[in-house]
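The values are calculated or read from the model by the stated rules, or taken from the named source; none is laboratory data. Quantities reported herein were computed from a predicted structural model and do not represent experimental measurements. Cβ coordinates were reconstructed from backbone atoms using ideal geometry, including for glycine residues, and neighbour counts include every protein chain displayed. Calculation scope for accessible area: heavy atoms of the full protein, side chains included, ligands and nucleic acids excluded. Shrake-Rupley method; radii C 1.70, N 1.55, O 1.52, S 1.80 Å.
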Amino acid sequence: MSADAVAAKNEVEHHEEDVHDANYQPPPEKTIEEIMAADQEDESLRRYKETLLGEAQAEKIIVEPNDPRKVIVKKLALVVEGRTDMELDLTGDLSQLKKQVFVIKEGVQYKVRIDFIVQREIVHGLKYVQKTYRLGVPVDKMTHMVGSYPPKKEIQCYITPNEEAPSGLMARGTYSVASLFTDDDKHIHLKWDWTFEIKKDWE
């Protein structure tokens, strides 16, 4: 096995090890009907659940009938104030994403936005994990608890808090990113790799 292949294998293993705590036991998966039937005597909790689930109580919401998944990740975007969002379409050939390199000005504040659809059933404990590498070496990792979401006909989104791009001569260059959208039940809804480049300026 080549050195590159070994590095890639280790990168995947480390990424997956970091996603889930081996001692963590997620709560049992429940349907919308089971969730609504529980705690009926608690009026405030009942109202909260009605607000959370909304129209999902009335009908089985299926946005894309030919897709059996409960969570369909549509898009990733880098959001920088004052600039047009830089977007990755996650509905096509994911192997081509590395060819679309985002250019980021060093030192800027940015956020990551994930657009997704939830259908069929409520999903619990969605989590976004992102690991960044330079020349095959891990340089950064962020894990964000996205939360629980009911089925909706509309696209839902999660935006991370501000992150600061590296700055300085040594920080400039190309970085590879491994992203993962998962949940409490260890379902991997989508895993994809992408690339960005830190430059002195946007051009």
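Structure data summary
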quantity	calculated
First in region 165-184 and open to solvent by 50 Å² or more (accessible area, probe 1.4 Å), second anywhere and not in a strand (DSSP E or B), Cβ under 6 Å, 6 or more apart	167/106; 167/107
Strands (runs of 3 or more DSSP E) within region 65-127 that include 3 or more residues open to solvent by less than 40 Å² (accessible area, probe 1.4 Å) and of a type outside the set (D, E, K, R)	71-79, 101-105, 109-118
Within region 128-145, considering residues that are assigned to a strand (DSSP E or B) and free of Cβ contacts under 8 Å to residues at least 40 places away in the same chain, the one surrounded by the most Cβ atoms within 10 Å (Cβ to Cβ)	144
